[in-house]
Amino acid sequence: MTQAIYAASLDPIHYGHIDVIARAAKAFDEIIVAIGVNPEKKDYTFSLEERVNMAEKSLSKLRNVKVESFNGLLVDYAFEKGINVVVKGARDSKDFDYEKMLHQIGESQKLGIDSYVLFARPDFAHFSSSVVKSLQKYQGNIREYVPICVKQKLEEKLSSQYIIGITGEMGSGKSFVSKKFVEIGNQKGLAVHNIELDNIGHEILGKLKNPRYMQVRNEIIQEFGESVKLENGFINRKALGEIVFNDGIKLKKLNEIMQQSMLVRLRREISDKKGLILINAALIAETDMSYLCNNNIVLVHADKYSRNKRLSERGLNEKQIERRDLGQYNFELKKEKLESAIIRDNNGYIWELENSKAGDDSKIENVFNNLINHLKIDGGKK
């Protein structure tokens, strides 16, 4: 059996590392990912245990890869393991020269340890752990850089943010649950912030005057016609709703037009907040946005009678309710889509909350307690 070692600090692991490891795993029967401890480096973001755990989770689909930790010289570790090849990744000539120097130092120990260099693919050449951490500090989108499990840990470690999605069918009581979570958090001395994606959308359609959002409104008018345009250039939400909630394809098109702007505004909303952050949105499953909350979701459900009663109290008639129901998944489909995301990303959890009966706050508090225990939130103050 051919074996090789890939050694790195992985603080944290990112897709550049994973690509090199995956390629090496095709060339050797077994790869040991060895996470080292450098006694001269005092500023690791994550502990050794955290780095090992993230690597194991991120590499779980590579069956011939295992993760270990080591200290001391890499060549000594390789020698004791009976492995004579060390895999090295190089993004550019600077990396190559550095790895060449380390190889020469290793050779000076005369233990017969050789190097196997893999150059980074162009798509990953700019990836580094420091870049990922800098992006997270400024609330940048790091989904393309790291697995979801690493994204979650970076948010918790660098931004003190624990992000949860709250979703469910229309009229299931998502906003009520979110407000209750805020109240319960206040009682426990926890910082809990509720962000309604609908409100962000309303701002883009009818308030924000930045050039980009004016462009978004123009795209909407061009796509759906002058009937959705108000005299001041903003969007008539009622008229737009009558169009898109009658046609799933048009609703999807509206979401596509608004998605980037929504994500930028969401980052703005989140940037100065610490603690538990609730992202309240009906279409998290439908728009494949569960990654925003690392697939950690409170899925709210209510029976059809309760949902229709609440929606009629908001002024919607039976036909409008029926049309809007057709524009989103039912409870079972939402759950199925969210479970698929958890399996795909090897990260996340769904808390189901039955919310048909008004005034039954004990269920809401139980779910709140379960999720803060699951996320190990121990008192992020407001």
**Q.** Criterion (assigned by TED's automatic domain parsing to the domain that holds residue 300, farther than 28 Å from residue 135 by Cα and among the aliphatic types (A, V, I, L, M)) met by exactly one of 235, 184, 221
**A.** 184
(Q) Quick check on residue 235: is it touching a Lys or Arg at 6+ places or on another chain (Cβ under 9 Å) and at pLDDT 95 or above? (A) yes
(Q) Restricting to the stretch 195-217, name every residue that is over 19 Å from residue 251 (Cβ atoms) and either assigned to a helix (DSSP H, G or I) or among the basic types (Lys, Arg) (or both). (A) 203, 207, 209, 211, 212, 213, 214, 215
Q. So is residue 266 part of a helix (DSSP H, G or I), of a type in the set (A, V, I, L, M, F, W, C) and over 19 Å from residue 169 (Cβ atoms) or not?
A. yes
Q) Out of all the residues in the stretch 292-351, which are within 22 Å of residue 262 (Cβ to Cβ), at pLDDT below 95 and in a loop (DSSP other than H, G, I, E, B)? A) 327, 328, 329
Q) Taking the condition among the charged types (D, E, K, R) and free of Cβ contacts under 8 Å to residues at least 40 places away in the same chain, does residue 174 pass? A) no
Q: Please work out if residue 24 is over 26 Å from residue 347 (Cβ atoms) and in contact (Cβ under 8 Å) with a residue 60 or more places away in the chain.
A: no
Q | Output for the stretch 19-35, where each listed residue is closer than 24 Å to residue 72 by Cα and surrounded by 19 or more Cβ atoms within 10 Å (Cβ to Cβ) | A | 20, 21, 24, 31, 32, 33, 34, 35
Q) Which ones in the stretch 50-65 are out of contact with any strand residue (DSSP E or B) (no Cβ under 6 Å at 6 or more places or on another chain) and either surrounded by fewer than 16 Cβ atoms within 10 Å (Cβ to Cβ) or under 13 Å from residue 9 (Cβ atoms) (or both)? A) 50, 53, 54, 60, 61, 63
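A quick yes/no check of all residues on (1) at positive phi; (2) surrounded by 21 or more Cβ atoms within 10 Å (Cβ to Cβ):
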position	(1), (2)
141	no, no
149	no, yes
160	yes, no
163	no, yes
166	no, yes
173	yes, yes
181	no, yes
199	no, no
217	no, yes
Q: Working only within the stretch 328-339, note down all residues that are touching a residue at least 40 places away in the same chain (Cβ under 8 Å) and out of contact with any Asp or Glu (no Cβ under 8 Å at 6 or more places or on another chain).
A: 333, 338
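The values are calculated or read from the model by the stated rules, or taken from the named source; none is laboratory data. This is a predicted model, so every value here is computed, not measured. Please note: Cβ atoms are built from the backbone with ideal geometry, for glycine as well, and neighbour counts cover all protein chains shown.
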